[in-house]
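To start, the structure under review is shown below, and the notes come after it.
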Amino acid sequence: MYKIPANTLFMGQKLIYVPECHSTNSLLNDLNDSSALPEGTVLITDRQTAGRGQRGNSWEAAPGQNLTFSILLRPGFLELKDQFKLNMSISLAVVEALRFIGSANVKLKWPNDIFIENKKVGGILIENQVQGPKLACSIAGIGLNINQQSFLTPDATSVYIFTGIESNLNSVFQGLIESLEGEYLDLRGKNSASLKRRYLKCLYKFNDSHQFESEGEKFTGVIHDIDDNGRLCVESDGVNRTFSFKEVRFLNG
């Protein structure tokens, strides 16, 4: 079903398809541990039985209607302190690909969710292996709701629900891989000066007043930046507050 991308240098040039697996991230990691795989290897499945998201959340996706895959990267050019640049790069590539197929209102909900308007259409889970001060290996798992028409949770959506058009999964996959390679090569070539600016431009609720909760405290704040460590910067009652992953959550979306 899925073809090796015709227009990439390395990403997706080794393509592993499995009809079903527990987690594409876990399986790709296991395969790489047993026999080192080339950078850009993609593992894709029609049905993921134990997909994971941030905070250990499960990921709902109907078999054969969506895209669930993982990519093996070796970003040794990135120091550990710059690892959020990889997150920004991959996130922007997904946004670009989804906008190309008609989802103009795609936003990035910090740190790793993909939203269309106020509903989740996908997620990214990046798991890194560190060697000294640098990243040795990263596996980026991407789950996107493409053709699914209904969900158990009201907070989830799909490209189909917003466009009314059923997409060819292989075509969307090809476009995603090409977009991912382009952003990754820019990052590797140190052409990332505009990375943060573009990321903030796509950031969900950026410069908007919103409700948050941290350590049981509910408060109103405005997202005004992402710091160099990838922490969310929120201004609340004249005070600038920064939050790492899992330290804050959005309320009502």
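The values are calculated or read from the model by the stated rules, or taken from the named source; none is laboratory data. Since the structure is predicted, the reported quantities are computational estimates derived from the model, not experimental observations. In this analysis, Cβ positions are derived from the backbone assuming ideal geometry, glycine residues included, and neighbour counts consider all displayed protein chains. Remember, those area values only see protein heavy atoms, side chains included, never the ligands or the DNA or RNA. Shrake-Rupley method; radii C 1.70, N 1.55, O 1.52, S 1.80 Å.
Remark on the chain: Rg and Dmax equal 17.7, 54 Å (Cα only). With both residues required to sit in the range 103-253, DSSP beta bridges show an antiparallel share near 90%. One chain, two ends: V18 and A193. Fully extended at 0.36 nm per residue, the span grows by 59.2 nm beyond their Cα-Cα distance. Sorting the segments 229-242, 167-180, 205-218 by their mean number of nearby beta carbons within 10 angstrom, highest to lowest, gives 167-180, 229-242, 205-218.
Viscosity 1.567 mPa s, temperature 4 °C: what is the translational diffusion coefficient of the range 179-222 from Stokes-Einstein with a Kirkwood Rh over Cα pairs, rounded to a whole number of µm²/s? Taking Rh from Cα pairs, D becomes 101 µm²/s. Among the GluC sites (Glu not before Pro) found in the range 72-154, those both in a DSSP coil and sparsely packed, with 13 or fewer other Cβ atoms within 10 Å of their Cβ, are E117.
Summing +1 for each Lys or Arg and -1 for each Asp or Glu among the other residues whose beta-carbon sits under 12 angstrom from that of C137 gives -1. Among N191, N168, F206, whose Cα sits farthest toward the positive end of the charge dipole of the range 168-215 (+1 at Cβ of Lys/Arg, -1 at Cβ of Asp/Glu, about the Cα centre)? Most positive-ward Cα: N191.
Calculated over the range 63-116, the projected area of the Cα convex hull averaged across directions stands at 4.8 nm².
Magnitude of the charge dipole for the chain, about its Cα centre and with charges confined to Cβ atoms of Lys, Arg (+1) and Asp, Glu (-1), is about 280 debye. Applying a DSSP loop filter and a limit of 16 other Cβ atoms within 10 Å to the trypsin sites (Lys or Arg not before Pro) in the range 1-102 leaves K3, K14.
Summary value for the chain: 18 percent relative contact order, contacts being C-alpha pairs under 8 angstrom separated by 6+ residues.
The accessible surface of the range 70-210, taken with every protein chain in place and a 1.4 Å probe, is 49 percent carbon and sulfur. The Cβ shell under 12 Å around V222 holds other residues with a net charge of -2, Lys and Arg each +1, Asp and Glu each -1. Extension gain for Q149 to D225 (0.36 nm times residue separation, less C-alpha to C-alpha distance): 23.9 nm. Rounded to the nearest 20 debye, the dipole size of the range 1-135 about its Cα centre is 300 debye, using +1 on the Cβ of Lys and Arg and -1 on the Cβ of Asp and Glu. Among residues other than I161 with Cβ under 12 Å from its Cβ, the summed charge is 0 (Lys and Arg +1, Asp and Glu -1).
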